[in-house]
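Peer 1: Here it is, the structure in full.
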Amino acid sequence: MESLKGNIERRVNLFGLSEANVQISSKGGNNRLTVDLPGLENIDEAIGLIGQTAQLKFMGEKELLPEATASATFYDVFSVDTGLNGSHLVRSSVEINSTNSEPEVALEFSSEGSKLFEKATKDFLGKRIAIFLDDYPVTFPTVQTVITDGRAVISGSFDIKSAKALSAQLNAGALPMPIKLIQQSLVGATLGKESIDRGIKAGLVGLVIVSVFMVGNYGYLGFIADLGLIIYGLLTLSLYRLIPITLSFPGIVGFILSVGMAVDSNILIFERIKEETRRGKSFNVAMELGFGRAWNSIKDANTCTIITGLILFNPLNWNFLNTSGMVRGFAVTLILGIFVSIFTGVFVTRNLLRVLAKRKE
Amino acid sequence: MNIMKFRPLFYLISAFLIGVSSFSIVKWGFKPSIDFAGGTIWEIETPNIADQSKIEEIFKSNDVPINSITKTDNSFLIKFANINQEEKIKLSETLKKYDEDAIDLRFETLGPILGKELLQKTIVAIILSCLALFIFIGRRFNDFSFGVSAILAMLHDSFILIGSFSILGHFFGAELDSLFVTALLTTLSASVHDTVVTFDRIRELRRQNIKLDWVNLANQAVSEVIVRSINNSMTIIFMLLSLVVLGGSTTRWFSVALLIGVVCGTYSSMAVAIPLVLFWKKKKI
């Protein structure tokens, strides 16, 4: 069941959905997988892809007449169905040959599969049997002996890496049986409409308090920062629409955190401006100095956050990092938020201030 | 402001917090939510109940905490921790009282969302981030003691956050769920963010006045950025407090976790990261 879950997770990730959940559930000994796909538009396509069982087929080599060989395709050559398929394969693993210490790929068949395999190895002794995964040939070893116990080994010029790859492909096809769809339903948000509504309300109240706080603390400057924040909010939300990004809860948190960092850029700058005016510089000079000096801190601090964000997001799909799920959803909104916040917090507010400050003179 | 003279006090506070956290983690452990432990999924069709709060009431009167409720067109999907047969019957009976026409669509046990794999990979990611940040900060400030200190401060914050959830779990029933993992990641980013801003000021002051010794340098830098640090934390705290007060019950513990993380992050950049830098500097001389 765990390997099936892994298979499904891999397929779900093809959609690039940021926060799919795959959960095993059971009822009276029957195992089920519950797949949550947030924000999906085309549900039929998803069901098609998930339900599509990677099918293994074992096809024997056909004796072709010499004149036909030249024009024969791979599929013509291996056209004799042995009756073996993925449901007969229990597992595949990588083994090291004890005599020549070369890696080999071992196959283990079920009892029914063993019988079929025995027959196939008899029929095709000295010939080749090709293994197809979803109609794509994976390997075509030559049968050396008749195998009766359902345990076969594919040997050849493997290194550990290629042996592992082949074994993984075979395992992917070794699904117990085609998946049956029991139920599909379109549901509301997981956290419940009510909690999301309340969350939004709370977020708005929080934002108003923050805006008041900024104006109270920095007066005129705070007001400009609030304008910058509004632009920031609109820009990020429209980016979410464009990309598109599904906002589930961890994503919303990434967004809120990046709002915090957008405000932070402004606070850094304004504190600098205050310092410079205290040293007796005129407002315009203080403003330019403030932006210039604060830029170093903003750059370094945000680079650090982006580094963490990138490692969590795992853009190169490294296997040892998160390849799915909510952690990536969080990272995406965080990274996006930071880039936009640098733009609005520094570039937009700076230009707003320049324009408005000129008018003041 | 001579903040650095309080260094022994800072060390004591941190040692105390880490001690209490370790104690709680070892002694009480955590209360895993159904995200980690698995639980039950119950789907019911309720022609006469449209309001989610009614369902919440039913569960509340039976003392079964809900993990999540999802509403479809005419049914509710409720996830909660595993219950025994007796509790199940009681729940169904209460439901019948509210809605005679309610139909049991399915009742299944659920496996965990958060498998070992996700946790292991997240830990690998955190370790990698530590390495990357160590190199980045070390190079930016031309001084690897800055990198080490920033990362230690970050781990300090995460550990205290994890510890406080062990305590909150023991006394108030706070559970470790998938949102907690997010809060932890947020704390990591916020903590380094704050620390780097303070470090940056030290670097700038050092360029202006190369003769100043490290303790004075640190004092001046901290007193210059402290207003900014507090103001910045205040803005995030405002957001979170309103989430704690107004947000739904499902997200309350999450907001508390973030609150702890942010307060810790602000405190540690001044009281852990900088003293650690001073510690390395003293050792060198």
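FYI, it's all coordinate maths here, none of it is from the lab. This is a predicted model, so every value here is computed, not measured. Note that each Cβ is placed from the backbone with ideal geometry, even for glycine, and that neighbours are counted across all protein chains shown.
Peer 1: May I ask for the net charge around A:ILE311, where only other residues with Cβ less than 14 Å from the Cβ of A:ILE311 are counted and Lys, Arg are +1 while Asp, Glu are -1?
Peer 2: Overall, the nearby charge balance is +2.
Peer 1: While we're on this one: Over region B:76-234, how many pairs of lysines fall under 26 Å by alpha carbon, counting only those 8 or more apart in sequence or from different chains?
Peer 2: The result is 8.
Peer 1: Right, something else. Rank the residues A:ARG241, B:ARG206, B:ARG139 as a footprinting-exposure proxy: fewest other Cβ atoms within 10 Å of their Cβ go first.
Peer 2: A:ARG241, B:ARG139, B:ARG206
Peer 1: Principal axis extents for region A:55-177, Cα atoms only, whole Å, descending order, please.
Peer 2: 42, 31, 26
Peer 1: Calculated FRET efficiency, B:SER22 and B:TRP280, Cβ-Cβ r, R0 25 Å, to nearest 0.05?
Peer 2: Using R0 = 25 Å, I get an efficiency of 0.55.
Peer 1: Who wins for biggest fluctuation among B:LEU243, B:LEU212, B:LEU17 in a Gaussian network model of chain B, springs between alpha carbons below 10 Å?
Peer 2: Comparing B:LEU243, B:LEU212, B:LEU17 in the GNM, the peak value goes to B:LEU212.
Peer 1: Could you line up B:SER178, B:SER145 from fewest to most neighbouring Cβ atoms inside 10 Å?
Peer 2: B:SER145, B:SER178
Peer 1: Sort largest first and round to whole Å: the equivalent ellipsoid semi-axes of chain B, each the square root of five times a Cα gyration tensor eigenvalue.
Peer 2: With the √(5λ) rule applied to chain B, the semi-axes are 48, 18, 16 Å.
Peer 1: Now a separate question. Give, as a single signed number, the net charge of other residues whose beta carbon lies under 15 Å from the beta carbon of A:ASP159, with Lys and Arg counted +1 and Asp and Glu -1.
Peer 2: -1
Peer 1: Mean 1/r over all different Cα pairs, inverted: what Kirkwood radius does region B:31-183 give, in Å?
Peer 2: 18.5
Peer 1: Under the rule of -39500 (n - 2.57) per DSSP H run of 4 or more residues, summed and divided by the residues of chain B, what mean residue ellipticity at 222 nm is obtained, to the nearest 500 deg cm²/dmol?
Peer 2: Rounded to the nearest 500, it is -23500 deg cm²/dmol.
Peer 1: Please compute the Cα-Cα pair-distance distribution of region B:117-265 with 10 Å bins starting at 0, giving whole percents from short to long.
Peer 2: Spelled out bin by bin, region B:117-265 gives 11, 34, 32, 17, 5, 0 percent.
Peer 1: Now, a different point. Which whole-Hz couplings ³J(HN,Hα) result when phi for each residue of region A:100-112 is put into the Karplus expression 6.51 cos²θ - 1.76 cosθ + 1.60, θ = phi - 60°, listed in order with x for Gly and Pro?
Peer 2: 10, 6, 9, x, 9, 10, 9, 10, 10, 9, 6, 5, 5
Peer 1: Excluding B:GLU175 itself, calculate the net charge of residues whose Cβ lies under 14 Å from the Cβ of B:GLU175, where each Lys or Arg counts +1 and each Asp or Glu counts -1.
Peer 2: Summing Lys/Arg as +1 and Asp/Glu as -1 gives +1.
Peer 1: Here is a further query. Per residue of A:294-306, count partner chain C-beta atoms within 10 Å of its C-beta, then hand back the mean as an integer.
Peer 2: 6
Peer 1: At B:LYS96 and A:ARG128, where each label point lies 7 Å from the Cα along Cα→Cβ, what is the point-to-point distance in nanometres?
Peer 2: In this crude spin-label approximation the distance works out to 6.8 nm.
Peer 1: Angle check, please: helix B:214-246 long axis (alpha carbons) against the longest principal axis of chain B (alpha carbons), in degrees 0 to 90, nearest 10.
Peer 2: The answer is roughly 10 degrees.
Peer 1: Same structure, new question: Among B:ASN142, B:ASN216, B:ASN74, determine the one that fluctuates most according to a GNM of chain B built with springs between C-alpha atoms less than 10 Å apart.
Peer 2: Of B:ASN142, B:ASN216, B:ASN74, the most mobile in the Gaussian network model is B:ASN74.
Peer 1: What's the angle, to the nearest 10 degrees (0 to 90), between helix B:7-27's Cα axis and the longest principal axis of chain B?
Peer 2: Between the helix axis and the principal axis of chain B, the angle is about 30 degrees.
Peer 1: Give me a single rounded figure for A:210-218: the average over its residues of other chain Cβ atoms within 10 Å of their Cβ.
Peer 2: Mean inter-chain Cβ contacts per residue within 10 Å come to 2.
Peer 1: How far is helix B:144-172 tilted off the main Cα axis of chain B, in degrees rounded to 10, range 0 to 90?
Peer 2: 30
Peer 1: Additional query: Collect residues whose amide H, placed 1.01 Å from N in the peptide plane, falls under 5 Å from the amide H of B:THR40; neighbours closer than 5 in sequence don't count.
Peer 2: Here B:PHE80, B:ALA81, B:ASN82, B:LEU110 satisfy the definition.
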